[in-house]
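*Asks:* Provided herewith is a single structure, encoded as structure tokens, for subsequent inquiry.
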Amino acid sequence: MDSCNTEQKIDNILRKYVPEVLPGAAVFVGIDGKEIYNKGHGMADIENNVPVTNETAFLIGSVTKQFTNMAIMILKERGCLEYDETIEKYFPEFPSYVNKITIRHLMTHTSGIPDYFSEEIEEKAVKIDINMTQEEILEEIKRFTELEFEPGTGFSYSNSGYVMLGYIIEVVSGLTFAQFLSKNIFKPLNMDRTIVGTSDKPIEGTAFGYMKNKDGVYEKTPYNLIVVGWADGNIITVAKDLFKWHKALYTEKLVKKETLEEALNPYILKDGTSTNYGFGWFNHKRRGVKEIWHSGGTFGFTSRFSRFIDEDVAIIMLMNLEPRNDNKIPSIFGEIIEVVLEEKLEPIKTKDLSVEELKSFIGIYKGKREDVKLSTMKH
């Protein structure tokens, strides 16, 4: 691969999607353990004209989940817990359904516990003066009286399960979630720019989050404990530290090879259906190439971290932009992957359809967070 040509192509993609004066992005590409691309684009602080650099830190949201699971994996190897033990001893005051939910169910989003991150919580999050502790969020979760499905029979993405995992880590280890990750993951891997966010005070060197208001103007998003989150999404880091994490996952620095392999394998439901989700990682094929990935999104921040483990390729993108009203990541990320893996990806298959065949796809397609409408264009 021509690294100079690759760098120029990625630069051109970022210039197309990330204006210099608007919220920005830090992008990192690593191949065979070596840095190929590591740059910042756009602004970390629009009002004070502070640009994003390759040293800018971001809140990574749900990319945190793979670290939460690693903490559980470490504790399991030490004999402190078992994946398939039920969780009632950690949550004795919860409804009786905790008697049939296991730690593994929480790790794989197959517990059936509803997601606490509701519209009501979102409304609280935009009020800067409001914070909610982990204990208060656990109280919110405890109010769910029914499961969405029997544990192990369905997949439903649930931040609730990860807040609960964070609490389990604290109970079992005797350390806070932040202390455990720092001692057992970040320091051993020399991830010296990575911390667990535990305060409503922004960390120096971290980008400010932004979202568009109804007039299309970018405004800073609130920064509080709801925005930062808990073990479901509260890590703050720089892109190059995530590359250190990527490289460590080819080794046994943290856990054994067999433990890592299990983490990447999708959970299989009781009916034999694959969830395409392991311990904090989605597992899919992208045009014939295995992609292990996760994304993250919270108020003012979006992240995407993909590992093409057979090719030893890592692509990392961190943005300080609200994902739900201006999400550029799919377009940017897809084009970067085309550049980096162009020789590995299978050609896109196309099929000519008649007008009548195209019309059969018209309609509204329901999604968990939003719907997609397909319609015809008038000329």
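The values are calculated or read from the model by the stated rules, or taken from the named source; none is laboratory data. Quick caveat, the model's predicted, so the values are computed rather than measured. All Cβ positions, even for glycine, are placed from backbone atoms using ideal geometry, and neighbour counts span all protein chains on display.
*Asks:* Looking at GLU88, GLU122, GLU135, can you tell me which residue is of a type outside the set (A, V, I, L, M), closer than 22 Å to ALA71 by Cα and modelled with pLDDT under 95?
*Replies:* GLU135
*Asks:* Now for a different question. List pairs: first in the range 192-217 and assigned to a loop (DSSP other than H, G, I, E, B), second of a type in the set (Val, Ile, Thr), Cβ under 6 Å, 6+ apart or cross-chain?
*Replies:* Pairs found: ARG193/VAL238; THR194/THR237; GLY197/VAL228; GLY197/ILE236; ILE203/ILE236; ALA207/THR56; GLY209/THR221.
*Asks:* Quick check, is GLU204 closer than 20 Å to PRO92 by Cα, among the acidic types (Asp, Glu) and modelled with pLDDT under 95?
*Replies:* no
*Asks:* Among the residues of the range 73-113, count how many are touching a Leu at 6+ places or on another chain (Cβ under 6 Å) and either of a type in the set (S, T, N, Q) or surrounded by 22 or more Cβ atoms within 10 Å (Cβ to Cβ) (or both).
*Replies:* Looking only at that region, the number is 2.
*Asks:* Being touching a residue at least 24 places away in the same chain (Cβ under 8 Å) and touching a His at 6+ places or on another chain (Cβ under 7 Å) is the filter here; which residues of the range 231-289 pass it?
*Replies:* TYR277, GLY280, TRP281
*Asks:* Can you name every one of the strands (runs of 3 or more DSSP E) wholly within the range 227-332 that holds 2 or more residues which are of a type outside the set (Val, Ile, Thr)?
*Replies:* In the range 227-332, the matching strands (runs of 3 or more DSSP E) lie at 282-286, 289-298, 301-308, 313-319.
*Asks:* Out of all the residues in the range 192-223, which are among the polar types (S, T, N, Q) and either under 24 Å from LYS240 (Cβ atoms) or crowded, with 16+ Cβ neighbours inside 10 Å (or both)?
*Replies:* Across the range 192-223, the qualifying residues are THR194, THR198, SER199, THR206, THR221.
*Asks:* Considering PHE301, PHE305, which residue is more than 23 Å from TYR218 (Cβ to Cβ), in contact (Cβ under 8 Å) with a residue 24 or more places away in the chain and of a type in the set (A, V, I, L, M, F, W, C)?
*Replies:* Just one listed residue meets the conditions, PHE305.
*Asks:* Show the residue pairs meeting these rules: Cβ distance below 6 Å; 6+ apart or different chains; first residue within the range 27-49 and farther than 23 Å from LYS328 by Cα and touching a residue at least 24 places away in the same chain (Cβ under 8 Å); second residue of a type outside the set (Asp, Glu) and outside any loop (DSSP other than H, G, I, E, B).
*Replies:* Partner pairs satisfying both residue conditions: ILE31/VAL313; GLY33/LYS247.
*Asks:* Now, a different point. Kindly indicate which of GLU370, GLU311, GLU335, GLU357 is touching a helix residue (DSSP H, G or I) at 6+ places or on another chain (Cβ under 6 Å), surrounded by fewer than 18 Cβ atoms within 10 Å (Cβ to Cβ) and either of a type in the set (Asp, Glu) or at pLDDT 85 or above (or both).
*Replies:* Selected residue: GLU335, the only one of GLU370, GLU311, GLU335, GLU357 that is touching a helix residue (DSSP H, G or I) at 6+ places or on another chain (Cβ under 6 Å), surrounded by fewer than 18 Cβ atoms within 10 Å (Cβ to Cβ) and either of a type in the set (Asp, Glu) or at pLDDT 85 or above (or both).
*Asks:* With respect to ASN54, determine if the residue is in contact with a Phe, Trp or Tyr (Cβ under 8 Å, 6 or more places away or on another chain), part of a helix (DSSP H, G or I), at pLDDT 95 or above and surrounded by 14 or more Cβ atoms within 10 Å (Cβ to Cβ).
*Replies:* Taking the combined requirement at face value, the residue does not satisfy it.
*Asks:* Yes or no: ILE185 crowded, with 19+ Cβ neighbours inside 10 Å, at pLDDT below 95 and among the hydrophobic types (A, V, I, L, M, F, W, C)?
*Replies:* Spelling it out, it is not the case that ILE185 is crowded, with 19+ Cβ neighbours inside 10 Å, at pLDDT below 95 and among the hydrophobic types (A, V, I, L, M, F, W, C).
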